[in-house]
């Protein structure tokens, strides 16, 4: 295996290890996939956002963030507020289950609202910046001239994961034909969002 392929494989492995976890993006993509609602657009938005952030990190964006320490708390509080709002909606759906046909919570959301939510869950989430811009960007620098091969591997991980999660979620639709399953999913999402919001608020109070 050539050095460039080794760098790409390292980026792929690290990218998957960071992205395959319960988080705001993954919970939203999973839910959209189960509803069969704007799946391709959501997958494209999340993937493109990750690719842009990874490229920014490899280009030196992580170093820029360290020069603007005031920005981290601002993003933390904004992200915490958004996640609390999204979590409260999930909690309400858990308390008021609905059928799979209309999706939990009633009628399907419009494309604009769905894209806006996907963008907010990505760009208002400091954890995404820490994983992509700071961590991946820092590690990519250790590969020298092959850092872009590392970045390509990390980007491929995002493409593969979001595609599999979004389009593979439909395999679970028989399970979610029961309102009780939606209640459990939305309760988990509400818990995850609340926990993330609290952690972001604490980070903001600590100054990032």
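Taken together, the values in this text are just the output of simple stated rules run on the coordinates, not laboratory data. Small disclaimer: the values here were computed from a predicted structure and weren't measured. In this analysis, Cβ positions are derived from the backbone assuming ideal geometry, glycine residues included, and neighbour counts consider all displayed protein chains.
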How many nm separate the modelled label positions at residue 167 and residue 16, each set 7 Å beyond the Cα in the direction of the Cβ? 1.8
Only counting other Cβ atoms within 10 Å, I'd like 37, 145 sorted with the fewest neighbours first. 145, 37
For the pair residue 48/residue 113, report the inter-label distance in nm, with labels modelled 7 Å from Cα in the Cβ direction. 2.2
Once fully extended, how much extra length lies between residue 74 and residue 123, figured as 0.36 nm per residue of separation less the alpha-carbon to alpha-carbon distance? 16.4 nm
Rounded, prolate or oblate for segment 3-205? Axes are the square roots of the Cα gyration tensor eigenvalues, ordered a ≥ b ≥ c, and the cut-off for rounded is a/c under 1.5. oblate
Quickly work out the residue 205-to-residue 81 label distance, labels modelled 7 Å from Cα along the C-beta direction, and quote it in nm with one decimal. 1.8
Work out how much length residue 142 to residue 178 would gain on full extension: take 0.36 nm times their residue separation and subtract the Cα-Cα distance, in nm to one decimal. 8.0 nm
